[in-house]
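Engineer: This is the structure I have questions about; it appears just below.
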Amino acid sequence: MDRLDKEILRLLQEDATMSVNDVADRIGLSTTPCWRRIQNLEKQGIITKRVALLDAQKLDLGMTVFVQIKAGRHDINWLSRFAEHAAGMEQIVEFYRMSGEYDYMLKVVVADMKAFDVFYKKLVGGIELSDVTSSFAMEQIKYTTALAIQ
């Protein structure tokens, strides 16, 4: 990946709706080579998808909760069942298996405490968990989906 590919990625991370013509103009290429580079970045899996980012507050989804979970058991069957159980819950916007004291970290976005309680009951229902702790975000200091491209 060269300097032009990296610049294409920076531009598309900022605005994925930017036309190929605009991207090409900004990096000093003609349209066809720029389009080929974008296609190649997609084919390589570097660009995985293009999405619209939504304002959670304006959608009345004003509560962000970080949920840490200790596994009920540490065997492959439990791990698979839990991953399937949690991955299907639309309120979970990020889901990680972790090292350290807790086995999983979830980022959950809901409307309010009542909605979180409904989510929580569904999360813990039907699957054995050792421990669950939740931390409620009071203020979002920084949010970006853009990766630092070196």
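The numbers here are math on the coordinates, done by the rules we state, and not lab data. Quantities reported herein were computed from a predicted structural model and do not represent experimental measurements. Every residue, glycine as well, gets a Cβ built from its backbone with ideal geometry; the counts of neighbours run over all protein chains shown.
Engineer: Could you check the spin-label model distance between A87 and K70? Points 7 Å from the Cα along Cα→Cβ, value in nm.
Structural biologist: According to this spin-label approximation, the distance is 2.6 nm.
Engineer: Give me the extension gain from F95 to K114: residue separation times 0.36 nm, minus the current Cα-Cα distance, reported in nm with one decimal.
Structural biologist: Extra length available between F95 and K114 comes to 4.7 nm.
Engineer: For the chain, the longest stretch holding no GluC sites (Glu not before Pro) located in a DSSP loop with at most 10 other Cβ atoms within 10 Å is which?
Structural biologist: In short, 1-89.
Engineer: Would you please calculate the Kirkwood hydrodynamic radius of the chain over all C-alpha pairs and express it in Å, rounded to one decimal?
Structural biologist: 18.3
Engineer: Next question, about the same structure. Count charges around S19 for me, please; just the other residues with Cβ under 11 Å from its Cβ, Lys/Arg as +1, Asp/Glu as -1.
Structural biologist: Residues near S19 contribute -2 overall.
Engineer: How much length is gained on full extension from V124 to L11, taking 0.36 nm per residue of separation minus their Cα-Cα distance?
Structural biologist: So the extension gain works out to 36.6 nm.
Engineer: Among K107/K142; K58/K122; K6/K107; K49/K107; K114/K142; K6/K49, which pairs are too far apart, with a Cα-Cα distance over 18 Å?
Structural biologist: Beyond 18 Å between Cα atoms: K58/K122; K6/K107; K49/K107; K114/K142.
Engineer: So, one more: When the label point is put 7 Å from the Cα of L53 along its Cα-to-beta-carbon vector, which residues of the stretch 1-35 have a backbone N closer than 14 Å?
Structural biologist: Residues 10-18 qualify, since their backbone N sits under 14 Å from the label point.
Engineer: Which angle from 0 to 90°, rounded to the nearest 10, does the C-alpha axis of helix 76-87 make with the longest principal axis of the chain?
Structural biologist: 70
Engineer: How high is the relative contact order of the chain? Use alpha-carbon pairs under 8 Å, at least six apart in sequence, and give a whole percent.
Structural biologist: It rounds to 28 percent for the chain.
Engineer: Just flag the chymotrypsin sites (Phe, Trp or Tyr not before Pro) in the stretch 41-150 sitting in loop per DSSP whose Cβ has no more than 11 other Cβ atoms within 10 Å.
Structural biologist: Sites meeting the loop and neighbour criteria: Y143.
Engineer: Pick from Q39, Q91, Q68: which residue has the top mean-square fluctuation in a GNM of the chain where Cα pairs under 10 Å get a spring?
Structural biologist: Most flexible of the set in this elastic network: Q39.
Engineer: Angle, helix 3-14 long axis vs. longest principal axis of the chain, Cα atoms, 0 to 90°, nearest 10?
Structural biologist: Compared with the principal axis, the helix lies near 50 degrees.
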